[in-house]
Amino acid sequence: MRVGRPSRRARTLLMTLGVLAVLAMAFVMFAGFWTDWLWYRSVEYSSVFTTTLWTKIGLFLVFGLLMGLAVGFNIWLAYRLRPPLSAMSLEQQSLDRYRMGLAPFKKWVLLAVTALVALIAGASASGQWRTWLMWVNGVKFGQKDPQFDLDVSFYAFDLPWYRFLLAFGFAAAVLSLIAAALTHYLYGGLRITSPGARATAAATGHLSVLLGLFVALKAVAYWLDRYGLAVKSSDFKATGNWTGLRYVDANAFLPAKTILFCIAVICALLFFATIWRRTWQLPVIGFGLMVLSAILIGGLYPAIVQKFQVQPNEQAKEAPYIQKNIDATRKAYAIDGTKAENYSGKSTVKAKDKLRADSDTAASYRLLDPNIVSPTFQQLEQKRKYYQFPTTLDVDRYKGKDTVVGLRELNIKGIPKRNWINDHFTYTHGYGAILASGTQTDANGSPVFTESGLPTTGSLGTYQQRIYYGEKTDQYSIVGGPQKELDYEENGEKTTSYKEKSGVSLSNTFNRAAYAVAFSEPQILYSGAIGDGSRILYNRTPKERVEAVAPWLTIDGDAYPAVVDGRIQWIVDAYTTTNGYPYASRTTLGDTTADSLTVGNQQRTVVAQQNQVNYIRNSVKATVDAYDGTVKLYEWDTQDPVLKTWMKAFPDTVRPKSEIKGDLLAHLRYPQDMFKVQRELLTRYHVTDPAQFYSGSDAWQVPDDPTNKDGNAVPPYYLSMKMPGDTAQRFSLTTTFTPNGRPNLGAFMAVDADATSKEYGRLRLLRVTSDVPGPAQVQSKLNGLPSVATFVRDMKGADSDIQYGNLLTVPLDGGFLYVEPVYAQGRNALYPLLKKVAVSYVDADQPDGDTTKDTTVFEDTLTQALNAVFGVEAPTAPTTPPGTTQPPGTTQPPASNDAALKQAIADAQKAYDAGQAALQKGDWTAYGKAQEDLQAALQRAADAEAKLKTPGSGG
């Protein structure tokens, strides 16, 4: 008895430990599910979580059960159809030891095999939740394909689901056939080496039915393949990537698939007839005929048609199908309304003064390049090491002016002392939106900030400046509890405590335990810094949040911030896509949206990486509140059937377009990635004539960025400008094209990017009909100017680096005006400054006595460059208002040099007085601003005085 008691204790202990281990493992698996549910509930999109979850569970159970029943039933049936033991051959008698070994466990083996295949099939089927939801909720496109006269929704929503069902049927048939054959062999229904009949009549009938089902499914596959030709991708030398039917598909493959369907149906019936005939002779002959027909009719015959009918006169044969491809592709990518307008490239204005005057109103030339000036923002407005700006800033409009915007986000790596409390409790948010004029810099070449400081002040007025959700905020924070957060430091440290309902409550122990497991951070469970009111914030980047609440959307690579109604809102463009639009050529989003800014830039990513699509719409505009993380989805394209389908699947997740208010609407813009996809397609599909399309004689390409040596495509640029025929500037997104293999300018394209405009989304494409230098040629000529060589030599001698800004292209009076800011950054300087402006006016026609053709200049300011490129001074304009500087970017000079000198002296006096007043008050921020104004005014005075001493300078 004394010996037995420890044994029982040991068994009890082991059982207890085993139970605890199982419970711990179950809790670890449950923690991920529970924290996901809590997060979706916190953002008020729990319906997305439950719809997705129940759809996956339903598909898992239904198809897992079907597969398990199919395989299990056929194993059971094969066992029931086994021959009597006395009828077994010597070969089968040698398998007695296996049968005897399985006999006690045959039920468990059957259940195990059935459960295994059911789990695998169910897991595979649950991954098809998108396909199921699109099929069951599909909305008609109202457009029919030209071959079968079926609505596009059949190819986008129905055909993918039918293909899945077919693949599942094949898998079930094959697995059932294998399982049944093994069971028949094990129990004597099949014989391999024994003399006499190879299979019993029962086994023959059973396996024949399964083979017949397989062949019947092949017949269904042949029938669906007929429709699949409309969305089939292939290589076609005239277009490269081709989608849809060609001549050989319509006249050889299509009838071949129909014939093969009929043969497969007959072959399946022969297999089914074996139940009564008890012989495989006819089915085997039929199956062989089907295989031979597949080779001859499905392979050899189309090859003969292609070789002897198509190739001798390919252009004429393929013309109708090329036209179908052109029409479908242009409609699928929303470029069907874009027609190339001829643009001569020859100046329509002879007078230089008129050209000069028109250049001032042609565009708001953005000299502040958002891709270069981030270090400048960082040094001038970072304020603390634990703040940071994105690598590439954003362009938006405030008060109708192009503005460069950057948020001062949290930089976790810049925290003075890194530990768990500081990383997740104390330093939790960024602070403030910094704005700078896109068209101006000060006298030193620095940005002219319209909103700056910590806290920020300026043109935005009062707004919620704290940034808890941003592109750089990828760590979790725990807020609202006993531990205070650092708010900002300005004349002393200020603290705050988060009061919003964002995030998930950690007030109860169960939630804390779940997050401790989910985040592998045990301190969450027992830390004293967590208490009543504590909430955990995570999934904090705008892209993550929108992707989570709308997993059926493709997200644009660049979210951008805007101050709307007193709150910083991240605006995220989202797309609905499909690869099932008949005849529309496919494009790979990851390749199409890559350019010189996305490569190596973690902030701007390419969308969907290698996701292939042949239909895309910017159907949703989403916002993410930078303070409380609220996600709102707004319907933007009210006609998109794909969006309507998803709105049926996830009701009440997308708000109607009417809820987009004016303040938000003013900051919405045409998305870059959509524009990149469209411009890539328009390199070929601007041609609408099949013969010309086939020849490829008018194909274009997106040029490489001439200001970047990495060989990647030039990015599109946001710019307020006038297209030919416009009377006012429009906020636009622009790009250039060059002919394939040529550097000259082939075309220029712009889209009205202002969401408040009635013309929003209108693409205008100018085909250049004359030989006009392209961006690379203009850049090359600029680099060859003696003044540029001198400038570069001087800068290099001063140990400074040269950075070329965005090369802007603007149509002007029949020609093109190129404008490029040039920055310099010294060895001891921490940020680049605008030092020069290059301007080139290219005109394919040179009137007698005119010198405007392909003129390139390199000057200190934009005004000077425009004066030089046209050879005339700018028209007179009002003097600069008191208290402001005359920046290098301005295009409006003073009325005269004498007036400019007087105004500069007056501004200098005012700046000096303002500085003295600030000094007496101890307001160092105002004092620094006054000193900058004073320096700028003195520089303008010196410039004006120098011009007065120059003969012929005027004034």
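Residue 522 - would you say it is over 28 Å from residue 471 (Cβ atoms) and out of contact with any Lys or Arg (no Cβ under 7 Å at 6 or more places or on another chain)?
yes
Counting only residues that are closer than 30 Å to residue 685 by Cβ, β-branched (Val, Ile, Thr) and more than 40 Å from the chain's Cα centre (by Cα), how many does the range 271-330 have?
1
Give 898, 913, 860 a once-over and let me know the one that is acidic (Asp, Glu) and modelled with pLDDT of 85 or more.
When all the criteria are applied, what remains is 860.
May I ask you to list the residues in the range 438-495 that are assigned to a strand (DSSP E or B), among the hydrophobic types (A, V, I, L, M, F, W, C), within 28 Å of residue 545 (Cβ to Cβ) and touching an Asp or Glu at 6+ places or on another chain (Cβ under 7 Å)?
467, 479, 486
Within the range 652-684, count every residue that is within 26 Å of residue 331 (Cβ to Cβ), in a helix (DSSP H, G or I) and of a type in the set (Ser, Thr, Tyr).
Count: 1.
Could you tell me how many of the residues in the range 266-302 are crowded, with 18+ Cβ neighbours inside 10 Å, of a type in the set (Val, Ile, Thr) and more than 14 Å from residue 209 (Cβ to Cβ)?
Residues flagged as crowded, with 18+ Cβ neighbours inside 10 Å, of a type in the set (Val, Ile, Thr) and more than 14 Å from residue 209 (Cβ to Cβ) within the range 266-302 amount to 1.
Does the range 516-562 hold any residues that are among the polar types (S, T, N, Q) and in a loop (DSSP other than H, G, I, E, B), and which are they?
520, 527, 534, 539, 541
I need the full set of residues from the range 685-724 which are within 15 Å of residue 805 (Cβ to Cβ) and in a strand (DSSP E or B), in order please.
717, 718, 719
Check every one of the helices (runs of 4 or more DSSP H) wholly within the range 14-107 and list those with 1 or more residues that are surrounded by 13 or more Cβ atoms within 10 Å (Cβ to Cβ) and at pLDDT 75 or above.
Hits in the range 14-107: 46-80.
Pull up the range 627-652, narrow it to residues that are touching a strand residue (DSSP E or B) at 6+ places or on another chain (Cβ under 6 Å) and among the β-branched types (Val, Ile, Thr), then point me to the one that is surrounded by the most Cβ atoms within 10 Å (Cβ to Cβ).
642
Can you tell me how many residues within the range 759-788 are part of a strand (DSSP E or B) and over 32 Å from the mean Cα position of the chain (by Cα)?
Count: 0.
Residues checked against (1) among the polar types (S, T, N, Q); (2) free of Cβ contacts under 8 Å to residues at least 60 places away in the same chain; (3) farther than 30 Å from residue 469 by Cβ:
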{"residue": "8", "(1), (2), (3)": "no, yes, yes"}
{"residue": "17", "(1), (2), (3)": "no, yes, yes"}
{"residue": "21", "(1), (2), (3)": "no, yes, yes"}
{"residue": "24", "(1), (2), (3)": "no, yes, yes"}
{"residue": "27", "(1), (2), (3)": "no, no, no"}
{"residue": "31", "(1), (2), (3)": "no, no, no"}
{"residue": "36", "(1), (2), (3)": "no, yes, no"}
{"residue": "40", "(1), (2), (3)": "no, no, no"}
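Quick check on the range 270-293. Is at least one of its residues charged (D, E, K, R) and under 24 Å from residue 190 (Cα atoms)?
The answer is yes, given that some residue of the range 270-293 is charged (D, E, K, R) and under 24 Å from residue 190 (Cα atoms).
Restricting the search to the range 393-426, which residues are in a loop (DSSP other than H, G, I, E, B), in contact with a Ser or Thr (Cβ under 9 Å, 6 or more places away or on another chain), surrounded by fewer than 22 Cβ atoms within 10 Å (Cβ to Cβ) and touching a residue at least 40 places away in the same chain (Cβ under 8 Å)?
The one that is in a loop (DSSP other than H, G, I, E, B), in contact with a Ser or Thr (Cβ under 9 Å, 6 or more places away or on another chain), surrounded by fewer than 22 Cβ atoms within 10 Å (Cβ to Cβ) and touching a residue at least 40 places away in the same chain (Cβ under 8 Å): 399.
I'm checking my understanding of the structure. Among residues of the range 429-448 that are touching a helix residue (DSSP H, G or I) at 6+ places or on another chain (Cβ under 7 Å) and not charged (D, E, K, R), which one is farthest from residue 571 (Cα to Cα)?
Ranking the candidates gives 443 first.
Yes or no, residue by residue, for (1) in the same structural domain as residue 431 (by TED's automatic domain parsing); (2) loosely packed, with under 15 Cβ neighbours inside 10 Å; (3) of a type in the set (Phe, Trp, Tyr):
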site	(1), (2), (3)
490	no, yes, no
503	no, no, no
508	no, yes, no
511	no, no, no
515	no, no, yes
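Looking at this structure, is residue 347 in contact with a Phe, Trp or Tyr (Cβ under 9 Å, 6 or more places away or on another chain), assigned by TED's automatic domain parsing to the domain that holds residue 768 and under 30 Å from residue 866 (Cβ atoms)?
Here the answer is yes, as residue 347 does meet what is asked.
Give the range 660-702 a look and list any residue that's of a type in the set (Ser, Thr, Tyr), under 30 Å from residue 624 (Cβ atoms) and modelled with pLDDT under 95, or say none.
none
Tally the residues that are touching a residue at least 24 places away in the same chain (Cβ under 8 Å) and part of a helix (DSSP H, G or I), restricting the search to the range 274-292.
Looking only at that region, the number is 6.
Return the residues of the range 634-651 that are part of a loop (DSSP other than H, G, I, E, B) and touching a Lys or Arg at 6+ places or on another chain (Cβ under 7 Å); say none if nothing qualifies.
Answer for the range 634-651, where residues must be part of a loop (DSSP other than H, G, I, E, B) and touching a Lys or Arg at 6+ places or on another chain (Cβ under 7 Å): 636, 637, 638, 640.
Of 266, 285, 304, which residue is aliphatic (A, V, I, L, M) and at pLDDT below 90?
One residue alone meets the criteria, 285.
The values are calculated or read from the model by the stated rules, or taken from the named source; none is laboratory data. Just so we're clear, the structure is a prediction, and the values are computed from it rather than from any experiment. Cβ atoms come from the backbone with ideal geometry, glycine included; neighbour counts cover every protein chain shown.
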